[in-house]
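One structure below.
Throughout, read-outs are computed from the coordinates displayed, never taken from laboratory work. Quantities reported herein were computed from a predicted structural model and do not represent experimental measurements. Quick reminder, even Gly has a Cβ in these numbers, built from the backbone with ideal geometry, and neighbours come from all protein chains shown.
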Amino acid sequence: MGEGDEATLNVSGGFVLARENQSATCRVEVDGEGRFLAEAKRPPVDGGTLLSAAEQDARAGAGAAAGQEPLSFGAKGRVWAGGAVVGFTCRRQPEEPFEVELKISGRPAADDQRVLGRLMRQYFDAARQRLRCEG
């Protein structure tokens, strides 16, 4: 995430994504400057969707649809120079299935899209494991 002297990690929400705790964030700062943000969200019970808001962020961050590439995993996944977003359905017993949205943003030192695509794949796999999603 670039050069610097002191890195700080700020985590909020825990990674449970229960009905009571529907989001989690992790922010990396280097020398007090935000360099990377990872978010996990569970859509509201009222059936709202989170991907539409993330898609708007993607368009704004990438200068409309220019530069976006689809991801080969998850649902509606895309990566662009400043971030990536992907959704998936988590199935685990005895709960009903629920939707999850993962979003990362940051500016890696080199080859943003390729680095962010790899980071999102790792985040996607880790989130499914951490949430104990089946299948």
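List of remarks:
- Rough spin-label spacing in nm, given labels placed 7 Å along Cα→Cβ, for GLN129 and PHE15: 0.9
- Within the shell defined by Cβ-Cβ distances under 11 Å, the residues around ARG92 carry a net charge of 0, with Lys and Arg each +1 and Asp and Glu each -1.
- Counting other Cβ atoms within 10 Å as a rough exposure proxy, the listed residues GLU99, GLU69 run GLU69, GLU99 from fewest neighbours to most.
- Approximate spin-label separation GLU6-SER23, in nm, with each point projected 7 Å along Cα-to-Cβ: 2.8
- Cβ-derived FRET efficiency at R0 30 Å, ARG92 paired with GLU33, nearest 0.05: 0.20
- Least to most buried among VAL85, VAL30 (fewest other Cβ within 10 Å first): VAL30, VAL85
- Estimated FRET transfer efficiency (ARG107, LYS76; beta-carbon r; R0 30 Å; 0.05): 0.85
- Residues ASP125, ASP5, sorted so that the one with the fewest Cβ neighbours within 10 Å comes first: ASP5, ASP125
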